[in-house]
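The structure appears right after this line, and notes come after that.
The values are calculated or read from the model by the stated rules, or taken from the named source; none is laboratory data. Note that the coordinates shown come from a computational prediction; the quantities given were computed from them, not determined experimentally. Here the Cβ is made from the backbone with ideal geometry for all residues, glycine too, and neighbour counts use every protein chain on show. Ligands, DNA and RNA are stripped out before the accessible areas are found, and what is left, the full protein with its side chains, is counted by its heavy atoms. Shrake-Rupley method; radii C 1.70, N 1.55, O 1.52, S 1.80 Å.
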Amino acid sequence: LGVLDDILTARPSRNSTVVGSARGTLVWDSLNSNATSFLQTMTVEIKGRRGIISLLGQNHFPEKVREIAIVGGTGEFSLVQGTAKISTFATQPGGLILRMQLFITRLWECY
């Protein structure tokens with residue numbers, strides 16, 4: 001079991017603009033691979049939009065690019081779906097620097 005509590009920046013550098021925070025859990029769920037069940041919520045402010053984006057899926061760390069489902073959100077990200085493409089940008093003591101590209105579609109509003 002692993003716990004995430006990290007900052008999100010616009011670029012893969014600690015000197016880059018902070019756009020939010022990421023919190024979640026990783027559960028190693030396979031005895032024969034480096035894969036984890038991945039549940040993450042990201043509190044973000046992107047291009048003037050504020051809210052939470054939720055991701056869920058299996059993260060296969062050995063793969064160069066992993067794809068995780070975006071399963072919803074709150075605030076201005078209410079009713080979003082899509083995918084997040086995740087790649088490892090660098091490793092450092094205490095963790096990884098990941099690059100995340102979000103491909104988001106907002107569904108219609110329900111009243």
Among the numbered conditions (1) at pLDDT 85 or above; (2) over 17 Å from Ile7 (Cα atoms); (3) among the hydroxyl-bearing types (Ser, Thr, Tyr); (4) loosely packed, with under 15 Cβ neighbours inside 10 Å, tell me where Tyr111 comes up short. (1)
Taking first residues from region 63-87 that are within 17 Å of Thr43 (Cα to Cα) and second residues anywhere that are loosely packed, with under 14 Cβ neighbours inside 10 Å and of a type in the set (Phe, Trp, Tyr), the pairs with Cβ under 7 Å that are 6 or more apart or on different chains are Gly82/Phe103; Thr83/Phe103
Residue under question is Ile68, and the condition is that it be of a type in the set (A, V, I, L, M, F, W, C), open to solvent by less than 60 Å² (accessible area, probe 1.4 Å) and at pLDDT 90 or above; does it hold? yes
Among the numbered criteria (1) open to solvent by 70 Å² or more (accessible area, probe 1.4 Å); (2) more than 11 Å from the chain's Cα centre (by Cα); (3) closer than 22 Å to Arg11 by Cβ; (4) not polar (S, T, N, Q), which one does Gly48 miss? (1)
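Looking at Ser13, is it without any contact (Cβ under 8 Å) to a residue 24 or more places away in the chain, within 21 Å of Val65 (Cβ to Cβ) and either of a type in the set (Phe, Trp, Tyr) or surrounded by fewer than 16 Cβ atoms within 10 Å (Cβ to Cβ) (or both)? Let's see the steps before the verdict.
Values: without any contact (Cβ under 8 Å) to a residue 24 or more places away in the chain: yes; within 21 Å of Val65 (Cβ to Cβ): yes; either of a type in the set (Phe, Trp, Tyr) or surrounded by fewer than 16 Cβ atoms within 10 Å (Cβ to Cβ) (or both): yes.
Yes, satisfied.
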